Amino acid sequence: MESLRRPALSLAGTDAARRRDAATPRDDPDAFEAAVRPHYRTLVRRLVLVLGDENDAQDVAQDAYLKAFRSWSRFDGADVRAWLYTIALRLAFNHLRGRRRWLAVLQRVESRPWTDPSDPDLWAAIRGLDVRTRSALLLSVVDGYTHAEIGRMLSVPEGTVASWISRGRASLRLVLGDDR
Amino acid sequence: MNDNDLDTELDTRVAALEARAPGRDDPPRLTPRRRPRRFAASLTMTPLLILGMVATAAAGAVVVGQLAIGREGIQNPGQPLAGAHMECMTPPEAAAFLAEHGYPDVVWQVEAGDPTAGGGKGSTTSTQQATPPDHGYVIPGSILDDGRPIMIVDQRVGASGDGDCFGQPMP
């Protein structure tokens with residue numbers, strides 16, 4: 001399997017970061033789009049898996065993109081993808097909290113749940129995970145971020161991330177085991 | 001198959017699962033912030049709006065300038081001769097009273113004639129003079145711009161007086 005290991009989450013203050021800072025204008029929308037747009041498609045996909053709903057994923061992705069644009073001048077120039085995902089995941093968690101409250105009030109919501117006919121058991125198992133566990137597992141498994149990096153992205157201690165990922169993997173192994 | 005093998009297969013399947021999820025290539029447009037069209041329209045209209053406001057102010061000033069200037073009655077509360085009851089005085093008494101109170105120069109406007117004469121059309125006169133007439137109902141006026149009080153003396157046929165002396169015989 002191709003290595004998906006990403007660079008360190010924050011290189012602020014390092015030579016590498018300074019080189020990127022110098023090469024990336026902070027007040028230029030074109031520079032922002034050039035740096036962030038390539039990650040938009042994968043961001044939407046990630047949010048579909050985190051939120052379980054296509055409409056919600058697209059809404060949150062758009063919000064995250066616009067929020068990132070507004071914060072572009074404060075970006076440290078290190079890892080655009082990690083920075084964008086951090087913004088998006090925090091918005092997604094807030095969105096889920098708000099949606100739960102809204103659902104409790106209205107008992108209904110216009111949603112478009114995503115289903116995966118190719119691997120329905122795995123998708124069901126992922127959906128069964130807590131949303132933070134799910135996010136941490138995906139950041140680790142798909143993106144290759146370290147526990148420390150994920151901890152900074154989700155604002156939790158590294159040990160918590162390790163615990164989440166361990167539990168998440170154990171749950172998914174059960175699915176794989178049943179498939180055999 | 002050990003845990004490492006399982007994890008490797010798991011990673012592959014999870015990555016494949018995410019790759020099948022619907023993605024979109026069209027992030028929101030990041031056009032520079034523009035003023036709302038409504039505001040932009042008002043900006044283009046600014047000269048016209050300013051012209052309109054100036055024209056309205058000028059027209060208003062003309063209209064106000066042509067309005068009758070209302071003045072408080074000289075005996076109204078807060079006015080120099082509040083509560084003097086000059087309406088019960090004869091014109092010479094009123095003139096003396098005004099002189100005692102700092103108004104030696106007075107405009108006397110004498111209303112005379114018969115408003116019922118001439119088949120109802122009436123025939124009256126209104127004259128202003130510097131000396132008080134001998135008789136007539138005194139109707140206290142107000143202070144003119146030059147500081148002189150103006151006093152009405154009603155000598156018309158059928159006049160009935162004013163204030164406390166309403167209906168009393170004409171002085």
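The values are calculated or read from the model by the stated rules, or taken from the named source; none is laboratory data. Please read all numbers here as calculations on a predicted model, not as lab measurements. Note that each Cβ is placed from the backbone with ideal geometry, even for glycine, and that neighbours are counted across all protein chains shown.
Among the residues of segment A:64-92 satisfying the criterion of being among the small types (G, A, S) and without any contact (Cβ under 8 Å) to a residue 60 or more places away in the chain, which is surrounded by the fewest Cβ atoms within 10 Å (Cβ to Cβ)?
Filtering first and then ranking leaves A:S73.
Name the one entry in A:D76, A:D63 that is touching a Leu at 6+ places or on another chain (Cβ under 8 Å) and either polar (S, T, N, Q) or part of a helix (DSSP H, G or I) (or both).
After ruling out the rest, the residue left standing is A:D63.
Under 6 Å between Cβ atoms, at least 6 apart or on separate chains: pull out the pairs that start in segment B:73-90 with a residue that is assigned to a loop (DSSP other than H, G, I, E, B) and end on any residue that is loosely packed, with under 14 Cβ neighbours inside 10 Å and aliphatic (A, V, I, L, M).
Close Cβ pairs (under 6 Å, with a partner that is loosely packed, with under 14 Cβ neighbours inside 10 Å and aliphatic (A, V, I, L, M)) amount to B:Q75/B:A82.
Every residue in segment A:142-164 that is within 17 Å of B:V14 (Cα to Cα) and buried (at least 19 other Cβ atoms within 10 Å of the Cβ), please.
Matches in segment A:142-164: A:V142, A:D143, A:Y145, A:W164.
Does segment B:20-32 contain any residue that is in a helix (DSSP H, G or I), within 14 Å of chain A (Cβ to nearest Cβ) and at pLDDT 85 or above?
Yes - at least one qualifying residue is present in segment B:20-32.
Please go through segment B:91-125 and pick out each residue that is part of a strand (DSSP E or B) and under 34 Å from the mean Cα position of the chain (by Cα). Let's see the steps before the verdict.
Taking segment B:91-125 first, the residues part of a strand (DSSP E or B) are B:107-114, B:123-125.
Across segment B:91-125, the qualifying residues are B:V107, B:W108, B:Q109, B:V110, B:E111, B:T124, B:T125.
State the number of residues belonging to segment A:44-65 that are within 8 Å of chain B (Cβ to nearest Cβ) and farther than 10 Å from B:A21 by Cβ.
The total comes to 4.
Tally the residues that are more than 18 Å from the chain's Cα centre (by Cα) and crowded, with 16+ Cβ neighbours inside 10 Å, restricting the search to segment A:24-63.
Total satisfying the criteria: 3.
Cβ contacts < 7 Å: first residue within 7 Å of chain A (Cβ to nearest Cβ), restricted to segment B:7-18; second residue acidic (D, E) and not in a helix (DSSP H, G or I), any location; separation 6+ or different chain. Result?
These pairs meet every condition: B:R13/A:D119; B:L17/A:D116; B:L17/A:D119.
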